[in-house]
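The values are calculated or read from the model by the stated rules, or taken from the named source; none is laboratory data. Note that the coordinates shown come from a computational prediction; the quantities given were computed from them, not determined experimentally. Note that we place each Cβ from the backbone using ideal geometry, even for glycine, and neighbour counts take in every protein chain shown. Heavy atoms of the whole protein, side chains included, go into the accessibility calculation; ligands, DNA and RNA do not. Shrake-Rupley method; radii C 1.70, N 1.55, O 1.52, S 1.80 Å.
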Amino acid sequence: MSAANAAISVVVRTRAADRQPLTLLAALSRQRRPPDEVVLIDSGSAPEVRDALRAAARSGIPCAGRGPIPLRLIEIDPAEYASASALNAAIAATRGGRVAILSQDALPAGPDYLARLAAALEDEATAGAYGRQVPRAGASPIAAKDLALTYPARSRTQRAPDCRFVNTCSMIRREVWSELPFETRAVITEDHRWAQQAQARGYVVRYVAEALVRHHHDYRSAREVWRRYYDEGRGIGYVYGRAPRLAGALGDALREVASDGWWLLRRRRPAAWPRAAWQRAVKHAALYCGLRRCRAAAATANGNAIAK
């Protein structure tokens, strides 16, 4: 592998009200295999955070045992932000052959997360790899449950049709991205769509359970839950072509509510079940509506294409 292809660039999308991105940069500098550069694309962090990031971009990120890690800061207007387009802009500014993508609130749980992902890309048949998410301290039991089921302790190699891929903590081969940039139309599931396209070209993707980050979301309001899963429904519809079915949505919601109840009972947390139940109800309603929106948009686009 050439020096350029072996180099690791880290891309982070930021929009922070606190010093979370700076904590992440410090954690990256402590990796046993630190990145060769970091590119941040910021879409409206608080002024004091933005000023600190600008200062870091001028001086680099201090790293023990070597010179500072170069940091490039790209600033965009919040109104211009879209998940896939921000990623594409940041990756275009990188130089490394391997590009790690990390959420600003996903903190490496150990010093080997970056090296573990890089090792997965030694196999040239691998387009990308993603790591395991474990909850931070204070996570709700339902958030912990979702992560435990989604990110098991055993690694695996994925081929079509298993195109799960998560850019919260991932690494991709830049040459593959050059041919397959992330699709904006996939809404927030551009990572799944990218893996799907890569698999169609004969690549595999890998889940690396040993690459750990601490990350979770505890949604506090029905509006937060709705917005998150409505967008996910739109993305799922685009990537998987799934048709919305009301009976299926109701069945999925009831099964998950029952599963939550059993999970919480076994952990002696039954008092958390009512909150979990309304969150699941909102989640599945939002997924269903998002799927319907995607289906309607696809039908309109097909109709316009036929009219032309």
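Taking a ≥ b ≥ c as the square roots of the Cα gyration tensor eigenvalues, with a/c under 1.5 meaning rounded and otherwise prolate when a/b beats b/c, else oblate, which class fits segment 167-248? Walk me through the intermediate numbers first.
On the way: a/c = 2.15, a/b = 1.33, b/c = 1.61.
Oblate shape, in that a/c is at least 1.5 and b/c is the bigger or equal ratio.
Can you tell me how segment 1-155 classifies by the Cα gyration tensor, rounded, prolate or oblate, using a/c under 1.5 as the rounded cut? Walk me through the numbers before you get to the answer.
Details: a/c = 1.44, a/b = 1.07, b/c = 1.34.
In terms of gyration-tensor shape, rounded.
Largest first, what is the accessible-area ranking of S140, S9 with a 1.4 Å probe?
Values: S140 20, S9 0 Å².
From most accessible down to least: S140, S9.
How much accessible surface area, in Å² rounded to 10, belongs to the heavy atoms of Y288 with a 1.4 Å probe?
50 Å²
How big is the accessible area of D112 in square angstrom, nearest 10, if you roll a 1.4 angstrom probe over the protein chains?
50 Å²
So what is the accessible area of segment 218-268 per residue, in Å², with the probe set to 1.4 Å?
Details: 3440 Å² over 51 residues.
Here the per-residue accessible area is 67 Å².
Accessible area, 1.4 Å probe, largest first: how do L287, L107 sort? All intermediate terms of the calculation are to be shown ahead of the outcome.
Numbers: L287 25, L107 65 Å².
The ordering from most to least exposed comes out as L107, L287.
Which whole-angstrom value gives the distance between the alpha carbon centres of segment 128-174 and segment 264-280?
23 Å
State, to one decimal in nm, how far the label point of D77 lies from the label point of D252, with both points 7 Å from Cα in the Cβ direction.
3.6 nm
For a label point 7 angstrom out from the Cα of T23 toward its Cβ, which stretches of segment 114-140 have the backbone nitrogen within less than 13 Å?
Answer for segment 114-140: 136-139.
If you roll a 1.4 Å probe over the chain with all protein chains in place, what percent of the accessible area is carbon or sulfur? Spell out each step's value before the answer.
Details: 7940 of 15170 Å².
Looking at the chain in its full context, I get 52 percent from C and S.
Which log10 I(q)/I(0) values, to two decimals, does segment 1-91 give at q = 0.10, 0.20 Å⁻¹ under the Debye formula with one point per Cα?
-0.26, -0.96
Between T150 and N5, what length comes free when the chain is fully extended (0.36 nm per residue of separation minus the Cα-Cα distance, one decimal in nm)?
Details: separation 145, 0.36 × 145 = 52.20 nm, distance 3.08 nm.
Extending this stretch completely gives an extra 49.1 nm.
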